[in-house]
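The structure appears below as structure tokens.
The values are calculated or read from the model by the stated rules, or taken from the named source; none is laboratory data. Nothing here was measured: the structure is a model prediction, and the numbers come from that model. Methodologically, a virtual Cβ is constructed for each residue, glycine included, from the backbone with ideal geometry; neighbour enumeration extends over all protein chains shown.
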Amino acid sequence: MNDTKGTPALPPALAAELDRHWIRLTLIAWIVVAIFYVWQRWSAIHWLSLGDTDDNMRLMQVRALLGGQGWYDLRNYRLNPPGGFDIHWSRIVDLPIAALILLLRPFVGNAEAEKLACGIAPLIPLAATLLGIGATVRRLVAPTAWPLAIVFMMGSTVALLMFMPDRIDHHGWQLAMLSLTVAGLCDPRGPRGGAMVGLASAVSLTIGLEMLPYCAMAGAIIALRWVWDAAERQRLLTYALALGGGCAAGFAIFASEANRVMRCDALTPIWLSVFVAAGALLALLAMVSPPRRGVRLALAVAAGAIIVTGFALLFPQCLGRPEQVSDELYNNWLGNVREAKPIYRHPLRVGLPLMALPTMGLIGALIATWRARREPSALGWACVTLFAVFAMAMLLWQVRAGPAAQVLAIPGVTALGWLILPWLLGHRSLFVRVFGTVAVFIAISGLFAGLALKWFPIDRPKPYVQRVNRATGRCLTLPAMDPLNRLPRQTIFTFVDLGPRLIALTHHNAIAGPYHRNGDAILDVQHAFKRSPAEARAIMKRHGATLMLVCPNMAESTVYRDRAPGGFYDRLAHGETFDWLQSVPMPKGSPLRLYRIR
């Protein structure tokens, strides 16, 4: 499809400039976007509005590194002190945040440097994402189609949120690696494309295993390309070497001490052996590369069977839950995480905007694949279409696949826009040129879903949900937490979802955060709030807590109040007092309630 059919009428000089300097112009566009979002969200940056628990823990991990904690020691000692707990992340994502803090600290001081770093760092992977998307659409749609792809990316709903200021966790970097993976799959230069896919997959897997299914899909697509065409052997070979070598290097440089044991939730020796073995087998296939397609298919299937069978026989503990948590913890917590539920288990106000862009992207990819069926770009479009179908299927497993599905939709919607919009813009009717173009753009971009929910009373959130969201938001703010710093440093017993924010904004310690390696402490918090007051006090004392902090109507509090009637928190929420719990005054209007544990 990479031709001039449907191409907007651009002056030749402008088209040549867009083609020749696309990388430079993309980076200029990224700088403009970054400045805009920093300006737009300056208030959030100023108040260090790290809304997700993972963002707060990421900041704590960076602080520990800059404070002298060992490179391979990722234990957080301020949750569940004095022993703390290990987290399964790596330090890759810490590096740009730490570098920005070190760069800015001499000019604005440490506190302001942290705020600015948290505001700027998430926008860095957006540059790589835009470059990956631009490379893909240049190869498959047209050399000058990349500006349209940027426009569609800026209209995504959940994908763009992963790059917003203060969203400092790893999701933006993994989306960037995904966009580079797709660009590598579509690269007409096989060795370069294979190396890009392998390295991007290795970086993503070193960061975390969330994108493992997509990395596996990319490897399967490269293997299928080789099965279809033996000339793809160089792509397969460089991919295999980059994947195995990249994962080995990632493990050696970034794997924490706690990840050098046989666990299933990160790049540990288990997964390292899988990726290195997969790389070795695929490299062997590429070097042998028999001329007959049927033989190549048989060898690829055999290699896949060896990897899967070996994994099942050698590491049976990883066939179930990779987090390896207890049944109680899974039933009470992990199995109820909203983002881990399939999209059809979510309300329409969540599912419709999330699905709109991937749906249009899949339609566009299918049309583009059909139109390119006799052209050199057909194989690249087949890769994009397979990935788009896979992303849609992933949404039926977990809604957290939404950002990846939206990024993967951009090439398809760009092709669709490149096909339809020029015809509308060139129409004789002014009405069609203006209103038709706007309507089609809204439809193709998926923005129609958000507008429909705004204009029509479809699945509006209930007042109860709105009240919970307001309470949660207020309790997590810096003004709400800051008065706690007037008290001497001590261990505070609080909700699991409040723990990371508490240690990020105050000098106090907490008991638990929503991380599976912190499972025993999570259960202790749940047991304390759900069971009898006597058991609650015993658990708090066992953890050395001297204060208890709660946020009435916070989402987590409703679990203890509504699902454990007669339990400690339910009785506390209904106004009952206890002789071992003394109220500590907080500023007027504070959403938090603080108690001293006797």
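For Leu27, state whether it is surrounded by 11 or more Cβ atoms within 10 Å (Cβ to Cβ) and either part of a loop (DSSP other than H, G, I, E, B) or at negative phi (or both). When the stated conditions are applied, Leu27 passes them. Report, by residue number, each residue of the stretch 228-256 that is within 10 Å of Tyr72 (Cα to Cα), out of contact with any Lys or Arg (no Cβ under 6 Å at 6 or more places or on another chain) and either at pLDDT below 95 or surrounded by 18 or more Cβ atoms within 10 Å (Cβ to Cβ) (or both). Those that are within 10 Å of Tyr72 (Cα to Cα), out of contact with any Lys or Arg (no Cβ under 6 Å at 6 or more places or on another chain) and either at pLDDT below 95 or surrounded by 18 or more Cβ atoms within 10 Å (Cβ to Cβ) (or both): Ala255, Ser256.
Using the structure shown, decide if Ala216 is out of contact with any helix residue (DSSP H, G or I) (no Cβ under 8 Å at 6 or more places or on another chain), within 16 Å of Val182 (Cα to Cα) and part of a helix (DSSP H, G or I). Here the answer is yes, as Ala216 does meet what is asked. Cβ-Cβ distances below 7 Å connect the following pairs, each with a first residue in the stretch 543-558 that is assigned by TED's automatic domain parsing to the domain that holds Ala521 and modelled with pLDDT under 95, a second residue that is part of a strand (DSSP E or B) and aliphatic (A, V, I, L, M), and a separation of six or more residues or different chains: Ser557/Val550.
Table: residues versus (1) crowded, with 21+ Cβ neighbours inside 10 Å; (2) modelled with pLDDT of 95 or more; (3) of a type in the set (Lys, Arg).
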position: Val38; (1), (2), (3): no, yes, no
position: Gly51; (1), (2), (3): no, no, no
position: Ala64; (1), (2), (3): no, yes, no
position: Asp73; (1), (2), (3): no, yes, no
position: Trp89; (1), (2), (3): yes, no, no
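Restricting attention to the stretch 143-188, the residues that are outside any loop (DSSP other than H, G, I, E, B) and within 27 Å of Val62 (Cβ to Cβ) add up to 15. Looking only at residues in the stretch 129-144 that are under 26 Å from the mean Cα position of the chain (by Cα) and among the hydroxyl-bearing types (Ser, Thr, Tyr), the one that is surrounded by the most Cβ atoms within 10 Å (Cβ to Cβ) is Thr136. Criterion applied to Leu103, Leu126 was being surrounded by fewer than 18 Cβ atoms within 10 Å (Cβ to Cβ), out of contact with any Cys (no Cβ under 7 Å at 6 or more places or on another chain) and either of a type in the set (A, V, I, L, M) or assigned to a strand (DSSP E or B) (or both), and the one residue passing it is Leu103.
Could you tell me how many of the residues in the stretch 261-306 are of a type in the set (D, E, K, R) and exposed (fewer than 14 other Cβ atoms within 10 Å of the Cβ)? Of the residues in the stretch 261-306, 2 are of a type in the set (D, E, K, R) and exposed (fewer than 14 other Cβ atoms within 10 Å of the Cβ).
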